[in-house]
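Written below as structure tokens is the structure these notes are about.
The values are calculated or read from the model by the stated rules, or taken from the named source; none is laboratory data. Because the structure is a prediction, the values reported are computed rather than measured. In this analysis, Cβ positions are derived from the backbone assuming ideal geometry, glycine residues included, and neighbour counts consider all displayed protein chains. SASA here: full protein model, heavy atoms, side chains in, ligands and nucleic acids out. Shrake-Rupley method; radii C 1.70, N 1.55, O 1.52, S 1.80 Å.
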Amino acid sequence: MDGFAAQIAALDAVVSISNTTIDTAGMLGAPTFHIRPDDASQLWPGSGPSPWYPDMIFLYQQGRPWTEVFAEARRLIEQQTSGK
């Protein structure tokens, strides 16, 4: 698990669905973009910050094509990393 966490920590950002990668990135405080379908379980909040990972950004489909959701994630990552 240490090697996996080190790989996540070395990334500029993480974009993923709900899985171990999202939780690990959230725990490490890495820039994390959580991609969610509209009909997702209620485990994660529908808006606002996560009570577990306050820096995690949720990107819900909101009836859009997935390409638009991922384009939004890309735009947000570019904004966050433009100063690096």
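Computed values, structure above
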read-out: Expected 222 nm ellipticity per residue - DSSP helices of 4 or more, -39500 (n - 2.57), all of the chain, to 500; value: -12000 deg cm²/dmol
read-out: With eigenvalues of the C-alpha gyration tensor scaled by 5 and rooted, the chain, Å; value: 20, 16, 11
read-out: Extended-chain gain in nm, criterion 0.36 nm per residue less alpha-carbon gap, Asp2 and Thr81; value: 25.9 nm
read-out: Computed over the chain: relative contact order in percent, which uses C-alpha pairs under 8 Å that are six or more apart; value: 24 percent
read-out: Trp66/Asp12 FRET efficiency (R0 25 Å; Cβ-Cβ; nearest 0.05); value: 0.70
read-out: Accessible surface of the chain, 1.4 Å probe, proportion on carbon and sulfur as whole %; value: 55 percent
read-out: List Trp44, Trp52, ordered by accessible area with a 1.4 Å probe, largest first; value: Trp52, Trp44
read-out: Dipole moment magnitude, nearest 20 debye, the chain about Cα centre, only Lys, Arg, Asp, Glu C-beta charged; value: 140 debye
read-out: Residue-level accessible surface for Asp55, protein heavy atoms, 1.4 Å, Å²; value: 110 Å²
read-out: Charge dipole of the chain about the Cα centre (unit charges at C-beta), most positive-ward option of Thr81, Ser50, Gln61; value: Thr81
read-out: Residue-normalised accessible area of the chain, given per residue in Å² at a 1.4 Å probe; value: 62 Å²
